[in-house]
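**Student:** Before we start, here is the structure in question, set down as structure tokens.
The values are calculated or read from the model by the stated rules, or taken from the named source; none is laboratory data. It should be emphasised that the depicted structure is a prediction, and the values quoted were computed from it without experimental measurement. All Cβ positions, even for glycine, are placed from backbone atoms using ideal geometry, and neighbour counts span all protein chains on display.
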Amino acid sequence: MDNSKEIIRKRGLDVKLTLIAASIFLVFVGCASQQKSKLASDYRLRKQVVQLRRENRDLNDQLKALSEVKKKRAPDSQRIKESAFDDTLKSIMEIEGPRSEVSAEDHVFYDLALQAYKADQLEEVRRNLNLLRSVNPKSVFITEIQLYEAELLLRNGRNLEAVHIAQDVILSSKSALARIKGQLIKGVVYEKMNVNESAKESYLQVARKTDNSEIRLWALKALRRVRAPQREIAKRLPTKKVKQSERK
């Protein structure tokens, strides 16, 4: 009798151990299956990323090639016109208005930024802008250097960055001249993006608000470029005397 009980107990124990081993095996198989599935999924994702990068590279190469073809096909007169357009805008950005007394330290950073701007050195303009901000966050020169930054961005085709900076100047600057320059840059961005209606509005604002004859003339020429109706220009621009601000 005792032997029978012992045999039954041992068999029950064997069954329990077998069940435990089977459970562990199933868990292991399940984990291995999940890991295998995850690895397969990761592999597919990596493969897709590689494919997308390859396609993006190919697309960039195609765009670059098209750009080069367009440049070669463009007549010399058009390239000269675009260069002159950029140069005249640059001269507008260098016009200075009256300002209150500023510290010699502010002037140092401004002069360095202006030299960098004239040499088309965007990163150097930004470096001096950041230095000036750290020394005097309220300097009147900050918005002027921002305009140099925006015009260089515009020159390099980075239109959205340029228009964001111009809008910041329009909203934050206490200088009427700086706000007008910001509006002018907005107009140029819209014009280059062929959004002529928005460009027209920006140029009209510039021509209406400026007292500087050079800026006003530039805006009027720009209005002709975006084909603003002469009747609308005459209606929205009051006749007024303009004065030539001192140029640096």
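**Student:** Is it the case, given these coordinates, that N212 is in contact with a helix residue (DSSP H, G or I) (Cβ under 9 Å, 6 or more places away or on another chain), among the polar types (S, T, N, Q) and under 20 Å from E105 (Cα atoms)?
**Tutor:** Working: in contact with a helix residue (DSSP H, G or I) (Cβ under 9 Å, 6 or more places away or on another chain): yes; among the polar types (S, T, N, Q): yes; under 20 Å from E105 (Cα atoms): no.
No.
**Student:** While we're on this one: Just to verify a result, which residue in the stretch 156-185, among those that are surrounded by fewer than 17 Cβ atoms within 10 Å (Cβ to Cβ) and hydrophobic (A, V, I, L, M, F, W, C), is farthest from T143 (Cα to Cα)?
**Tutor:** Only one residue fits best here, namely L160.
**Student:** Since E149 meets every condition but one in (1) modelled with pLDDT of 85 or more; (2) more than 18 Å from S91 (Cα to Cα); (3) not hydrophobic (A, V, I, L, M, F, W, C), which condition does it not meet?
**Tutor:** (2)
**Student:** Also: Looking at V188, V135, can you tell me which residue is farther than 11 Å from Y110 by Cα and surrounded by 21 or more Cβ atoms within 10 Å (Cβ to Cβ)?
**Tutor:** Going through V188, V135 in turn, the sole match is V188.
**Student:** Quick check on my filter: what residues within the stretch 141-194 are in contact (Cβ under 8 Å) with a residue 24 or more places away in the chain and outside any helix (DSSP H, G or I)?
**Tutor:** Those that are in contact (Cβ under 8 Å) with a residue 24 or more places away in the chain and outside any helix (DSSP H, G or I): N156, S173, K174, S175, M193.
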